[in-house]
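Below you'll find the structure, written out as structure tokens, and then a few comments.
Coordinate-derived values only; no laboratory data. This is a predicted model, so every value here is computed, not measured. We place every Cβ from the backbone using ideal geometry, glycine too, and count neighbours over all the protein chains shown.
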């Protein structure tokens with residue numbers, strides 16, 4: 001009996017000790033990581049850059065800079081590439097930051113680098129206006145303003161400056177005898193005409209979720225005005241208000257009318273792009289990143305000169321207008337504030353000065369940097385986007401841009417329930433609003 | 001041998017390294033997670049002690065309760081299906097195919113060794129619609145039906161997930177139960193036959209009671225494995241459409257790693273662990289009671 005109770009006591013003591021150790025470990029997680037006292041000036045030997053696996057172009061472009069115009073900066077501080085899957089960004093960056101091991105230049109989650117985000121609030125990301133100094137003039141004002149709108153501060157470099165709109169097949173439009181729709185009703189009429197002529201009017205990658213919520217978001221921007229989503233963020237409007245629910249209803253109607261064709265809900269991005277570039281579908285809502293596919297003759301069977309790009313049409317009686325293009329500046333590419341120093345600043349200065357020209361010249365990428373110097377032989381579709389960028393006065397963000405991470409994900413995932421009719425527009429918006437409320 | 005195992009020192013030498021590893025790799029993370037479930041935050045923001053708030057949130061969180069429902073539904077259906085089909089296959093091996101069952105056993109077991117993601121891709125393409133339509137819809141079209149986008153609906157996704165998991169795991173349960181059936185002495189079966197028992201009566205009164213222990217192990221095994229379902233539902237349809245087929249494990253993963261809420265994520269993990277423990281203990285208790293009776 002004594003033996004039994006002794007061993008039981010030992011077991012209990014052991015269990016208690018482990019629990020205390022575990023709890024102490026949790027409490028210990030608080031220390032150090034958010035302490036900004038280590039400060040700048042402690043520059044590492046390498047210019048480490050963390051980019052997404054999905055964006056090989058950025059790594060290639062930065063390496064080309066290191067081998068070319070930024071060779072001097074690279075000699076002083078050699079570039080070293082690190083990669084992560086885009087979906088793992090938050091997890092990876094959180095871990096690296098907690099271990100004081102953030103790279104010099106890194107991809108980050110949208111919400112993380114905002115002033116209220118985990119990195120922003122901890123003072124872990126540098127402001128590029130301070131980092132670049134005079135070289136900041138190499139960033140196009142429109143791109144800088146987009147970055148500030150999305151992240152609330154200048155904490156990302158605009159390696160891409162993407163416009164979003166509707167790409168369309170000019171040949172099919174001519175054949176069916178339709179013009180660029182200026183209003184949403186005209187867009188629906190055009191879709192009807194295309195369907196009657198045997199074409200699939202629109203293609204979308206339903207499996208990805210966001211291509212569908214973009215359409216809904218743009219309807220809302222046109223209906224409510226360019227400050228539609230800011231109103232949701234500051235609480236002066238709710239997604240359950242009828243003018244917002246109308247956006248969800250518009251998307252559901254497009255789907256139930258069959259304009260997206262069969263199997264769109266499980267379609268991935270590549271298949272949807274192929275539907276457009278092989279002439280099966282007449283229109284596709286997408287960003288100007290589609291240029292890399294359009295400029296590839298192996299993918300583009302309809303010819304780059306036969307592709308048009310138009311803004312999302314106006315909604316009759318809405319407060320927004322057709323000239324307010326949706327724009328974004330790619331995923332956040334932040335700079336480590338703690339290890340900032342002269343060599344790193346020189347690297348960023350060189351990137352700002354040379355990236356715009358090199359990316360346009362070698363890959364047809366339209367970035368948010370000035371193009372310093374002449375670039376010959378720009379592909380027609382790229383030129384079209386470039387000219388459009390120069391003409392834009394006002395831009396809007398995308399639907400989920402100002403949401404917290406969970407609500408952003410919910411908007412996208414529930415999109416498939418909305419378009420299948422399993423969720424009503426009212427329920428969709430109510431679920432989203434309650435997630436936004438919970439995060440605030 | 002008994003002398004070796006009667007020596008305390010030998011027992012300690014043999015047991016301590018393994019036990020230490022087990023404690024380090026299993027018990028410590030579980031306790032760590034348990035500790036974290038009383039905090040809110042993440043490694044960057046730091047952690048704030050919130051008491052049992054996370055547990056209270058769980059029981060009012062519609063998404064969490066939905067995920068819990070998906071998990072339990074999947075586990076119950078899968079356990080019933082896996083054990084039943086596995087048992088039927090085992091009976092087939094022992095009583096019909098007999099010594100020639102080795103080939104069929106291998107073929108049925110084979111999907112078990114395939115990676116879940118590869119199997120998910122396979123099933124996705126089997127039920128695909130649109131430009132790359134899969135054979136399932138081709139067959140439906142052949143009989144005059146319209147193509148069905150299975151993965152666009154909750155029931156369709158669940159059905160495919162269940163069939164897919166059953167296809168991969170039934171071979172394993174068949175082999176597990178097969179070994180149990182082999183343990184039943186031939187003499188017992190023989191004498192039952194002489195007494196006139198055959199077919200269903202033999203199975204009902206002799207085989208089933210004698211294979212009860214291994215059946216019980218299979219049920220516990222299957223329920224615990226399917227309660228923790230993650231990769232198949234993630235790879236098949238990302239827990240969709242929407243979050244309608246998202247199990248508790250996927251919700252836990254998203255909460256902890258995508259939304260960086262480590263405290264709440266740990267709470268979900270603790271609840272899942274408790275669920276597994278409660279189930280296992282209940283089955284054990286009820287079975288030992290029955291044995292005592």
Relative compactness, region B:62-292, computed as alpha-carbon Rg over 2.2 N^0.38 Å = 1.19
Sorted on mean Cβ neighbours within 10 Å (highest first), peptides A:101-114, A:222-235 come out as A:101-114, A:222-235
Residue B:48 versus residue B:188, label points 7 Å from Cα toward the beta carbon: distance in nm?
-> 6.2
With a Förster distance of 41 angstrom and the Cβ-Cβ distance between residue A:134 and residue B:118, calculated FRET efficiency to the nearest 0.05 equals 0.15
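Report, as an integer, the average count of C-beta atoms from other chains found within 10 Å of each Cβ along B:42-55. Numbers along the way, then the final one.
On the way: counts 9, 12, 16, 11, 11, 5, 1, 3, 0, 0, 0, 0, 0, 0.
Mean inter-chain Cβ contacts per residue within 10 Å come to 5.
Averaged over its residues, how many other protein chain Cβ atoms are within 10 Å of peptide A:112-118's Cβ atoms? Can you show the working numbers first?
Details: counts 2, 0, 0, 0, 0, 3, 7.
Mean partner-chain Cβ count within 10 Å for A:112-118: 2.
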By Cβ neighbour count within 10 Å, fewest first, B:50, B:96 rank B:96, B:50
Between residue A:319 and residue A:186, what is the FRET efficiency for a Förster distance of 25 Å, r being their Cβ-Cβ separation, to the nearest 0.05?
-> 0.85
Cα long-axis angle, helix A:184-196 against chain A (0 to 90 degrees, to the nearest 10) = 70
Can you give the relative contact order of chain B as a percent, counting alpha carbon pairs under 8 Å and 6+ residues apart?
-> 29
Mind pulling the angle between the C-alpha long axis of helix A:242-256 and the longest principal axis of chain A? Nearest 10 degrees, somewhere in 0 to 90.
-> 70
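Length gain on complete extension for the stretch residue A:383 to residue A:253, per 0.36 nm per residue less the alpha carbon to alpha carbon distance? Show your work: numbers first, answer last.
Details: separation 130, 0.36 × 130 = 46.80 nm, distance 3.43 nm.
Full-extension gain reported as 43.4 nm.
From the helices alone, meaning DSSP H stretches of at least four residues, give me the mean residue ellipticity at 222 nm for the protein assembly as shown, per-run term -39500 (n - 2.57), in deg cm²/dmol to the nearest 500. Don't skip to the end; give the middle numbers.
Numbers: 33 runs with 405 residues, N = 733.
The helix contribution divided over the protein assembly as shown gives -17500 deg cm²/dmol.
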Take every residue in peptide B:167-176, count the Cβ atoms of other chains within 10 Å of its Cβ, and give the average of those counts.
-> 0
Report the label-to-label distance for residue B:106 and residue B:25 in nanometres (one decimal), using points 7 Å from each Cα along the Cα→Cβ vector.
-> 3.1
Förster radius 56 Å - calculated FRET efficiency between residue B:212 and residue B:131, Cβ distance, rounded to 0.05 | 0.60
Helix A:56-67 axis, angle to chain A major axis (alpha carbon atoms, nearest 10°) = 70
Pairwise centroid distance, computed over Cα atoms, of region A:415-430 with region A:133-193, Å = 26
Three semi-axes of the equivalent ellipsoid, the protein assembly as shown, Cα gyration tensor, whole Å, largest first | 52, 36, 24
Debye log10 I(q)/I(0) at q = 0.21, 0.31, 0.32 Å⁻¹ for region A:71-124, Cα point scatterers = -0.80, -1.27, -1.32
